[in-house]
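Just so you know, all these numbers are worked out from the coordinates, no wet-lab data involved. Keep in mind the model is a prediction, meaning the values are calculated, not measured. Neighbour counts run over all protein chains shown; Cβ positions are idealised from the backbone, glycine included.
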Amino acid sequence: MQFVKPDVNVNFIGKRKIAFIVSAVMITISIASLILHGGPRLGIDFQGGTLIQVKFAAPVEIDAIKSGLREIDLAKSSVQEFGDQGTNEYLIRTDGSVMTTEGFTTDLQKALASATGSELEMRRVEMVGPQVGQDLREKALFAMFFALLFITIYISGRFELKWMISGIMAAALIGAVYIFTLLNVSIPWLIIGALIVTLVLFWFLELKYAMGAIVALVHDVVITVGLFSIFDKEFTLAIIAALLTIIGYSLNDTIIVFDRIRENLRKYHKNPLEVILNRSINETLSRTLLTSLTTLFVIVTLFVMGGGIIHDFAFALIVGVAVGTYSSVFVASPILLAWQSKQRKK
Amino acid sequence: MKNFSWKLALVFVVLVTAIIYILPSLKPNLWPHKQINLGLDLQGGMHLVLEVDTEKALESTIERISQEIREQLKRERIRHVAIDRVDGVKISIQIKEEDSNAKVQALLDDEFRDLRELSNRTVAGVKTILMDIPDSDRDQIERLAVDQALETIRNRIDQFGVSEPDIRRQGVNRILIQLPGIKDTQRAKDLIGKTALLEFKLVDDTQSLDSALKGSVPPGREILYQVDEDPETQRTTKQPFLLKKRTLLTGAYLTDARVQIDNQFNEPYVSINFDKKGARIFERVTGENVNKRLAIVLDNSVYSAPVIQEKIAGGQARITGRFTTEEARDLAIVLRAGALPAPVNVLEERTVGPSLGADSISKGLISMCIGGLLVVVFMVLYYKTAGLIADLALILNILLIGAGLAGFQATLTLPGIAGIILTIGMAVDANVIIFERIREEIALGRTPRASIDAGYDRATLTILDANVTTLIAAVVLFQFGTGPVKGFAVTLSLGVIASMFTALILSRIIFDYILMNRKVKTLSI
């Protein structure tokens, strides 16, 4: 069986303007949604708060649950159905960290049982204090930052065989971050700042492949985060794990195309770059699609059958894999052409 | 040929090792090796992060020092106006300048050399000396408080009976506690979080309780309550007591605490034994205060306040209060394990009920099987025989991840299962890269042998490059992640490494074997 015939020759590069518009629109929508929602919606992991998952023996009304909560001074909490239909499971969320009082869970159980008239089981209780929430937030952002840093160094070293330059890159990046911390900027801005420094350095040091790879992965992460914001889904620790996996996956895809480009550049060095890029993308197209397909098989299964806790995690991965596949074809490679127009101008 | 047998031996060794490690997880007690650890989110349990309120430890140290100073001055008959703890962690000593200035100064220089003088003012003939503890001593006290809290909590949990608890220090003043499989989480939390400061204080019956309740508490006195819950109506009643602030005896002198059943009312109570020094103090206190009431105070609530009938020798006392057997048992545990040096606050709590954990496992496994099956079937349809080889590699891959988890004693979490599922999808990637290469080479008209050689040669570097980036992401996640996320990082890294091994070495051997045994004209790929 073969989905993609060996002699396939789609002019991907020729469509780069359309792709550019599509990507720009998606990123604009993502950022607009983030701004409208006032940043990503943070789960209790990063914001602090209490989350309780309860399972009732019989169907109950949400209003009954709420009246039970009012009795123990939790009127401000939100109640929402959770997991598959008909399992009578609900998530209760409150902003404050109320758990510390003695006997809290017992009181809650009693109040809910008497208000709804149904037996219930407390399946999960998560309380994160505001301090821990802040710690976790910083940790997560640092994780993203370091992943970016190491990957940048690896790609610029490995792909251009310029380990020296990649060393300089790393030093410059760390220096820039150090200056940012001296200026006391908040961590999200620190990461954005570091990113801009990275891209500017790539541009002037002519680290084309690294630039392509990083732009593609930022593209993927921004769109995934944007979709989360549009669907009003929560950011939790697991979602950060998903984002880092998407980074890994997006690069994986990009690198395989880039590897072929390097190989073809040696083989057909007389051809114009555009032709070589197109040829490389087409040659690896079969693999790109197949791997995305098998990966999507399993994560869609996970999305459908994995249960409520893993639902959003699987959703993030589905988006990431889909966008990552698109970006390795339509975003990463066309970036390599950017230097060509720069050189022509000279 | 030599190369081939070397690889074969390697695969054989890896396979056998993997089976040795994974068997105990499939069939317990078959092998002396350990099973795969399940995370709290899969087996149920409680994860707690506590913060030791070291500021309070400092305050109680200061309180103790001021009491010592007070007693010393009293003993040496030095007149003073007042000695108080102010601003939380400072001591202020007020004296009438002319008569006792020199004596107080000499005492401070002599006995309390560790204190640091902050200021020294004289207003209207009264001299006020303000002192505190120097920073290095302060750090020492705080560190000790956390150490002691850790030790005490470990003791309590050991006596409560939890299998394989994980209790460790986190950062400067935090304690991380993981209690797998625990069912009564509320009870465990109450047991861990209780300061359990046992104090004996005298009830002051000479002054009016009513006027104190209205707001005019006499100096050196305090109001504490006894809270009772009627077991039938569940109504709570609060009874106030006017107590002398001074603590006569604390739980620090306890040697034992046990649950006993009262013969008369058939109610459980906790009997406590003091050590020699404690027994002496108790004897003296009861002797000096016959016919007064002695309140037994635990964490600032009164448990009982019996009238002292006679001098009590022997160092035994009992704590009554309408306990259930369980409450009495827990109280005995915390008293035996000792008081926390400072109160603890719960900063983070995550509990998962056992049924949810079981649900997560079954849902995870079902997703894994179905997703895996889809991939396996797809690979056979798409690549025929070669697809079968990839499938074999895939199955071995899962086996290797399992063995890795057991071997490194890593913890499998729900995101970890997701990681395995994700690796199933991505693991075939290495094979896909190779197979696509081989197909390309065949399309160029090469022989099967040459195509396979070229396919592997060219794909190897690509596969290494592509996987290193995923590995970088996984390693960073492992460094920064906690609990479940760490589990994900572990399975993802194991999966990446295993898939490189199976694709580059195992499936290659199978291809070589096929090429060697028959004179193959066409490849089924």
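When A:F12, A:F235 are ordered from fewest to most other Cβ atoms inside 10 Å of their Cβ, what list results? Can you show the working numbers first?
Values: A:F12 18, A:F235 23.
Fewest-to-most ranking of A:F12, A:F235: A:F12, A:F235.
Calculate the radius of gyration of the Cα atoms of the range A:252-346 to one decimal place, then report Dmax, the largest Cα-Cα distance, as a whole number, both in Å.
Rg and Dmax of the range A:252-346, Cα atoms, are 17.1, 58 Å.
Along the principal axes of its C-alpha atoms, what lengths does the range A:49-128 span, in descending order and rounded to whole Å?
The Cα atoms of the range A:49-128 stretch 31, 23, 19 Å along the principal axes, largest first.
Give the shape of the range B:191-270 as rounded, prolate or oblate, defined through the alpha-carbon gyration tensor: a ≥ b ≥ c are the square roots of its eigenvalues, a/c under 1.5 means rounded, and otherwise the shape is prolate if a/b is larger than b/c and oblate if not. Don't jump to the answer; show the numbers that get you there.
Working: a/c = 2.11, a/b = 1.35, b/c = 1.56.
Oblate.
Which listed residue (A:I256, A:L91, A:A143) has the Cα farthest towards the positive end of the charge dipole for the protein assembly as shown, taking +1 on Lys and Arg C-beta and -1 on Asp and Glu C-beta about the Cα centre?
Going by the Cα projections, it comes out as A:I256.
Using a 10 Å cut-off on Cβ to Cβ distances, tally the other chain neighbours for every residue of B:336-347 and report the average as a whole number. If you can, show how the numbers build up before the last one.
Values: counts 0, 0, 0, 0, 0, 0, 0, 0, 1, 4, 7, 11.
Mean shielding by partner chains, rounded to a whole number: 2.
Would chain B count as rounded, prolate or oblate if I go by the C-alpha gyration tensor, calling it rounded below 1.5 in a/c and otherwise prolate when a/b exceeds b/c, oblate otherwise?
On the way: a/c = 4.04, a/b = 2.56, b/c = 1.58.
In terms of gyration-tensor shape, prolate.
For the range A:256-266, take each phi angle, set θ = phi - 60°, evaluate the Karplus expression 6.51 cos²θ - 1.76 cosθ + 1.60, and give the result in whole Hz per residue in order, putting x for glycine and proline.
The phi angles translate into 5, 5, 4, 4, 5, 4, 4, 4, 5, 4, 6 Hz.
Restricting to DSSP H runs of at least four residues, report the calculated mean residue ellipticity at 222 nm for chain A, -39500 (n - 2.57) per run over all residues, nearest 500 deg cm²/dmol.
Working: 13 runs with 237 residues, N = 346.
Calculated from helices alone, the mean residue ellipticity at 222 nm is -23000 deg cm²/dmol.
Lys and Arg at +1, Asp and Glu at -1: add these up for the other residues within a Cβ distance under 13 Å of B:E310 and post the number. Let's see the in-between values first.
Values: positive: B:K292, B:K311; negative: B:E283, B:E288.
Here the charged neighbours net out to 0.
Give the calculated FRET efficiency between B:V380 and B:K7 to the nearest 0.05, with a Förster radius of 22 Å applied to their Cβ-Cβ distance. Mind dumping the intermediate values first?
Values: r = 25 Å, r/R0 = 1.12.
In this case the efficiency is close to 0.35.
Sorted from largest to smallest, which semi-axis lengths in Å does the alpha carbon gyration tensor of the range B:424-525 give for its equivalent ellipsoid, taking the root of 5 times each eigenvalue?
On the way: eigenvalues 226, 32, 16 Å².
Semi-axes, largest first: 34, 13, 9 Å.
Restricting to DSSP loop positions (anything but H, G, I, E, B) with no more than 15 other Cβ atoms inside 10 Å of their own Cβ, which GluC sites (Glu not before Pro) remain in the range A:158-256? If you can, show how the numbers build up before the last one.
On the way: sites: A:E160, A:E206, A:E234; in loops: A:E206, A:E234.
Sites meeting the loop and neighbour criteria: A:E206.
Compute the distance in nm between two label points, each set 7 Å from the Cα along the Cα-to-Cβ direction, one at B:K34 and one at B:Q159.
A separation of 2.8 nm, rounded to one decimal place.
Which listed residue (B:G171, B:T413, B:I398) has the Cα farthest towards the positive end of the charge dipole for chain B, taking +1 on Lys and Arg C-beta and -1 on Asp and Glu C-beta about the Cα centre?
Positive-end residue among those listed: B:I398.
Between B:R221 and residues 5 or more places away or on another chain, which pairs have amide H atoms under 5 Å apart, with H built 1.01 Å from N, and which residues are they?
Amide H to amide H, under 5 Å and 5 or more residues apart or across chains, B:R221 pairs with B:K245.
Sort the following peptides by mean Cβ neighbour count (other Cβ atoms within 10 Å, averaged over residues), highest first: B:437-443, A:126-132.
Numbers: B:437-443: 19.6, A:126-132: 21.4.
By packing density, highest mean first, the sequence is A:126-132, B:437-443.
So how long is each side of the range B:11-88 along the principal axes, counting just the alpha-carbon atoms, biggest first, in Å?
87, 25, 23
Averaged over peptide B:436-442, how many Cβ atoms belonging to another chain are found within 10 Å of each residue's Cβ? Don't skip to the end; give the middle numbers.
Working: counts 10, 3, 0, 3, 3, 0, 1.
For this peptide, the per-residue mean of nearby foreign Cβ atoms is 3.
How large is ³J(HN,Hα) for each residue in the range B:380-387, as worked out from phi by the Karplus curve 6.51 cos²θ - 1.76 cosθ + 1.60 (θ = phi - 60°), to whole Hz, x for Gly and Pro?
5, 4, 7, 10, 6, 4, 4, x
P(r) of the protein assembly as shown in 20 Å steps, Cα pairs, percent per bin?
Percent of pairs per bin, in order: 12, 36, 29, 17, 6, 0.
Average projected area of the Cα convex hull of the range A:69-171, in nm²?
Numbers: hull surface 42.7 nm².
The directionally averaged projection comes out at 10.7 nm².
Can you give the mean number of other chain Cβ atoms that lie within 10 Å of the Cβ atoms in peptide B:359-370?
Details: counts 8, 6, 0, 1, 9, 6, 0, 5, 12, 5, 2, 6.
Per residue, the number of nearby Cβ atoms from other chains is 5 on average.
Pairs of Cα atoms under 8 Å, at least six residues apart: use those to get the relative contact order of chain A, whole percent.
Working: 438 pairs, mean separation 82.2, N = 346.
Contact order relative to length: 24 percent.
With Cβ to Cβ distances under 15 Å as the rule, what net charge do the other residues near B:D135 carry (K, R +1; D, E -1)?
Local charge sum for B:D135: -3.
Can you sort A:D312, B:D457, B:D139 so the residue with the fewest Cβ neighbours within 10 Å comes first? Numbers along the way, then the final one.
Details: A:D312 20, B:D457 10, B:D139 13.
Fewest-to-most Cβ neighbours within 10 Å comes out as B:D457, B:D139, A:D312.
With 10 angstrom as the radius, rank B:W6, A:W163 by how many other C-beta atoms surround their C-beta, starting from the fewest. Walk me through the intermediate numbers first.
On the way: B:W6 9, A:W163 12.
Neighbour counts put them in this order, fewest first: B:W6, A:W163.
Using modelled amide H (1.01 Å from N, peptide plane; none on Pro or chain starts), what sits under 5 Å from the amide H of B:Q170, excluding residues fewer than 5 places away?
B:I175, B:L176
Pairs of alpha-carbon atoms within less than 8 angstrom and 6+ residues apart define the contacts here; what relative contact order does the range B:194-350 have, in percent? Write down the numbers at each step before the final one.
Numbers: 303 pairs, mean separation 47.6, N = 157.
Result for the range B:194-350 is 30 percent.
Any idea what the relative contact order of the range B:55-136 is, in percent, if you count C-alpha pairs under 8 Å spaced at least 6 apart?
Numbers: 109 pairs, mean separation 21.2, N = 82.
Once divided by the residue count of the range B:55-136, the mean separation gives 26 percent.
Can you bin the range A:144-264 into rounded, prolate or oblate? Criterion: square roots of the alpha carbon gyration tensor eigenvalues sorted a ≥ b ≥ c, rounded for a/c under 1.5, prolate for a/b above b/c, oblate for the rest.
In terms of gyration-tensor shape, oblate.
Cα atoms only: what Rg and Dmax, in Å, come out for the range B:194-350?
16.2, 50
Can you tell me what percent of all Cα-Cα pairs in chain A are more than 40 Å apart?
Values: 15706 of 59685 pairs.
When all Cα pairs of chain A are counted, 26 percent exceed 40 Å.
Based on alpha-carbon positions alone, could you give the equivalent ellipsoid semi-axes of the range B:55-136 from the gyration tensor, as √(5λ), descending, whole Å? Let's see the in-between values first.
Numbers: eigenvalues 82, 38, 26 Å².
Calculated on Cα positions only, the semi-axes equal 20, 14, 11 Å.
Could you derive backbone 3J(HN,Hα) for the range A:181-193 from the dihedral phi with the Karplus parameters 6.51, -1.76 and 1.60 (θ = phi - 60°), listing whole Hz in sequence and x where the residue is Gly or Pro?
5, 5, 6, 6, 7, 6, 4, x, 5, 4, 5, 4, x
Can you compute the FRET efficiency between B:T17 and A:Q2 using 1/(1 + (r/R0)^6), with r the Cβ-Cβ distance and R0 = 41 Å? Round to the nearest 0.05.
Computed FRET efficiency for B:T17 and A:Q2: 0.60.
Tell me the net charge near B:K238. Cut-off is 13 Å between Cβ atoms, B:K238 excluded, with +1 for each Lys or Arg and -1 for each Asp or Glu. The partial results should precede the final answer.
Numbers: positive: B:R235; negative: B:D228, B:E229, B:D230.
Neighbourhood net charge equals -2.
Set the Förster distance to 60 Å, then compute FRET efficiency between A:E206 and B:V86 from the Cβ-Cβ distance, nearest 0.05.
Calculated transfer efficiency: 0.35.
Run the simple label-point estimate for A:Q85 and B:R113 please: 7 Å along Cα→C-beta, distance reported in nm.
Each label point is offset 7 Å from its Cα along the Cβ direction, giving 8.1 nm.
For B:L412, list long-range residues whose amide hydrogen, built 1.01 Å from N in the peptide plane, is under 5 Å from its own amide hydrogen.
Residues meeting the amide H criterion: B:N37, B:L38, B:G39.
Would you work out the charge dipole size for the range A:189-326 about its Cα centre, treating the Cβ of every Lys and Arg as +1 and the Cβ of every Asp and Glu as -1, and quote it to the nearest 20 debye? Display every interim value, and only then the final one.
Numbers: 9 positive and 10 negative charges, 118 e Å.
Taking the Cα centre of the range A:189-326 as origin, the dipole is about 560 debye.
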